[in-house]
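I have placed the structure first, in the form of structure tokens, so that the comments after it can refer back to it.
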Amino acid sequence: MSEVILIEKGIEKKAVGITPSGTIGIKEMERYSPLDIASSINQISGVYLLSGALNTNRITIRGVGARTPYGTDKLRLYFNNIPVTNGAGFSTIEAYDMENLGAIEVIKGPKGSSFGTNLGGALILRTRAPEAGKTSFTNSSTFGSYKMFKNNLAFRHSENGFNINLSYNHLKTEGYRQNNQFERDGLLLTSSVKLGNNDRMDFLFNYIDYTAQIPSSLNQTDFEENPTHADANWLAARGYEANKYTLAGVTYSHQFKGSLQNSTSVFYTYLDHYEPRPFNILDEFTHGFGLRSVFRGNLFSGNFTLGGEAYRDEYHWGTFENLYEDNNGNGSLQGNRLSDNQEFRRQLNIFATFEVPLTGNLSAQVGLNLNKTTYNFKDLFTIGEDNKSARRSFKPILLPSMKLRYRWQNGSLFASVDRGFSNPGLEETLTPDGVVNPDISQEKGMNYELGGKFLLFDGAMQVNATVYLMHIKDLLVAQRVGEDQYIGRNAGKTRHKGLELEARYAVPVSGSLSLTPFFAYTLSDHSFVDFVDGENDYSGNPLTGVPRHRLSSGLDFAYGNDVALNISHQFVDDIPLTDANTQSSKAYNIFTTSARYSLPLIGPVKLRLNAGINNVLNTNYAASVLINAVGFGGSQPRYFYPGNGRNYFGRIGLSYVF
């Protein structure tokens, strides 16, 4: 038999074999504004996206990645099954428009042997598929607070053996804070062509061009009294970033005789980034290419997966003086070059899984992943003894996993033991003098997990529950030695204990009216087991940057397929901001409400209306934090990125389907 695809809430799940994962689909994403990617993803227990701005996002899974100052690392990101994490391990989720997504799947922790076995896990983004046998034109325009305007125009066509999806989006907003303007244009093309009975070609092209001003973080006084203000230095420099990002990929799939099938993707990525900051101007570009090939089939009484990923990118970056203080109040002005660097980064992942039934209801899966990572750093600016060029090649690391699953008519139980790892980023591999540190090593951890899915009341109620314990050693610590300079070292061990609980209950009120309460609760009991930083011993302290309790809950009201109302609530506990546990952010509650109404107009033309209010109670809260912040020149440390105040959005959509 060919691969069986598991369906949960009507969403296809791509996690291989019996690897458990969490998903959200279009319905869950439409509870919020199409700009609010954080609230959408934070509906999944164990996953926490901190968003300082539309262009400043950090995703942590079970506390992994919480110590990264900016951006998302220690997990793998896939877009339509193509890996889009760069050679240094960083992923950029803001490169994708939420309105083009059909589902987001999350593998929590290093359970996914076929998806990198990173300690944080993996995110799999999938685009909306055209409706089978239909052709459609859709246009949605969204208006909102802070002079926000977003437009998404899409053409989708599907017929026997062929489909195509082409969309263009434009977004502009002034933002909640000073120096917070954001403007983006994006183009997405996906297509699938069936070649005979056994072959298929899939094409993917995604292009994003955006410019985002940077208000940066605030100290506690400004956060509490003037949350709409930007940091004074960033405001004076009119700091911003400009990005052009391209992803192109082709996937060829072939069904051999019997059960054996193969899917092979080749892909290319390019990022051009320019960022004037108060302390310097960063000019960089990265281009990379890779291949992912996966074989699946049946073997004896079980089924197997065998494949690999190879990725190589070339990263060029340089810094220049920023002469904004001599520019008569006109913002950043590029001066003399300060550095010129180049780095070649290579990663190889080889993986295999084998699933076999042990009894009628009990099955087992074993997996193995092999990773090899190499960095080759070249200093193109200095010569002679001051040149810092060096090569860092990590030893191959084997990452096994073992899973058991027991299924019955109304549920299933699973147990998992997995080994995972995280590579240090570029800055973490350098010493304070900017020389590659040969002693720094990869983070490594063991994950133990037990959970289950239960269907109650004739399937009307679904409950997912998971407990886990993860031990991480050789903890990578980013130590700040300058305003934008960090170095890394292996500083100790952490213990991640947690509970994740999700439930939803579909209550039919009448023939057309239904009520669905839902919630996702996360308990994160994470702590340092062994962490000594100089003369300071932080062993036993809670893990910095992770709230102990989080809750996402709400009610969905639906009348048929055309009317819907949602009320959502999110609670985030206080977050330790320093390793010494002397400073914390405040816990907060956020309420959101939205409504949707659709009706036919003329023939195949349909009108769709959406409206919503975010942060109904106008709460002043930290949507993101910067841990272990340091104040320079006697100033207060800047820990906080304020979340938006009460704001509104409305969307008008027209679709023509034939």
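Quick look at the values:
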{"quantity": "V529 versus H254: modelled label distance in nm, points set 7 Å from Cα along the beta carbon direction", "calculated": "4.7"}
{"quantity": "Residue-by-residue Karplus 3J(HN,Hα) for the range 255-272, coefficients 6.51, -1.76, 1.60, Hz, glycine and proline x", "calculated": "9, 7, 5, x, 8, 6, 9, 9, 10, 10, 10, 10, 8, 9, 10, 9, 10, 10"}
{"quantity": "Helical mean residue ellipticity (222 nm; -39500 (n - 2.57) per DSSP H run of 4+; nearest 500) of the chain", "calculated": "-500 deg cm²/dmol"}
{"quantity": "1.4 Å probe accessible area per residue over the range 92-163, in Å²", "calculated": "31"}
{"quantity": "Mean Cβ neighbour count within 10 Å, used as a protection proxy, ranking 601-608, 141-148, 546-553 highest first", "calculated": "546-553, 141-148, 601-608"}
{"quantity": "Only Lys, Arg (+1) and Asp, Glu (-1) charged, at Cβ; the chain dipole about Cα centre in debye", "calculated": "2240"}
{"quantity": "Peptides ranked, highest mean first, by Cβ atoms within 10 Å: ranges 119-125, 51-57", "calculated": "119-125, 51-57"}
{"quantity": "Inter-label distance for E314 and H170, nm, one decimal - labels placed 7 Å from Cα along Cα-to-Cβ", "calculated": "3.5"}
{"quantity": "Hz values of 3J(HN,Hα) by residue in the range 93-101 - Karplus curve (6.51, -1.76, 1.60), Gly and Pro given as x", "calculated": "6, 6, 7, 10, 7, 4, 5, 8, 8"}
{"quantity": "Surface accessible to a 1.4 Å probe, per residue, for the residues of the range 196-266, Å²", "calculated": "46"}
{"quantity": "Linear extension gain, L370 paired with D199, 0.36 nm per residue minus alpha-carbon span", "calculated": "58.6 nm"}
{"quantity": "Under Karplus coefficients 6.51, -1.76 and 1.60, residue-wise ³J(HN,Hα) of the range 80-90 in Hz, glycine/proline x", "calculated": "6, 6, 9, x, 10, 6, 7, x, 8, x, 9"}
{"quantity": "The range 154-297, accessible surface, carbon-and-sulfur percent (1.4 angstrom probe)", "calculated": "54"}
{"quantity": "For E449, solvent-accessible area (1.4 Å; no DNA, RNA or ligand), Å²", "calculated": "10"}
{"quantity": "Given (1) 0.95; (2) 0.97; (3) 1.06, the label whose value is Rg/Rh (Cα atoms, Kirkwood Rh) derived from this model", "calculated": "(1)"}
{"quantity": "Pairs from K74/K586; K147/K244; K74/K108; K74/K150; K108/K444; K108/K473 whose Cα-Cα separation, in the structure shown, is over 21 Å", "calculated": "K74/K586; K147/K244; K74/K150"}
{"quantity": "Sites S598 and F344, calculated FRET efficiency, Cβ-Cβ separation with R0 45 Å, nearest 0.05", "calculated": "0.30"}
{"quantity": "Signed unit charges on C-beta, dipole axis of the chain, positive-most listed residue L543, L187, Q342", "calculated": "L187"}
{"quantity": "Alpha carbon centroid spacing (whole Å) that separates the range 299-348 from the range 583-641", "calculated": "29"}
{"quantity": "Whole-number accessible area per residue in Å² for the range 562-658, which is evaluated in the context of all protein chains at 1.4 Å", "calculated": "46"}
{"quantity": "Quarter of Cα convex hull surface for the range 520-581, i.e. mean projection, nm²", "calculated": "5.4"}
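The values are calculated or read from the model by the stated rules, or taken from the named source; none is laboratory data. Computed from a predicted model, the values in this text were never measured in an experiment. FYI the Cβ positions are ideal-geometry reconstructions off the backbone, even for glycines, and counts take in every protein chain you see. Accessible surface areas use protein heavy atoms only, side chains included; no ligands, DNA or RNA. Shrake-Rupley method; radii C 1.70, N 1.55, O 1.52, S 1.80 Å.
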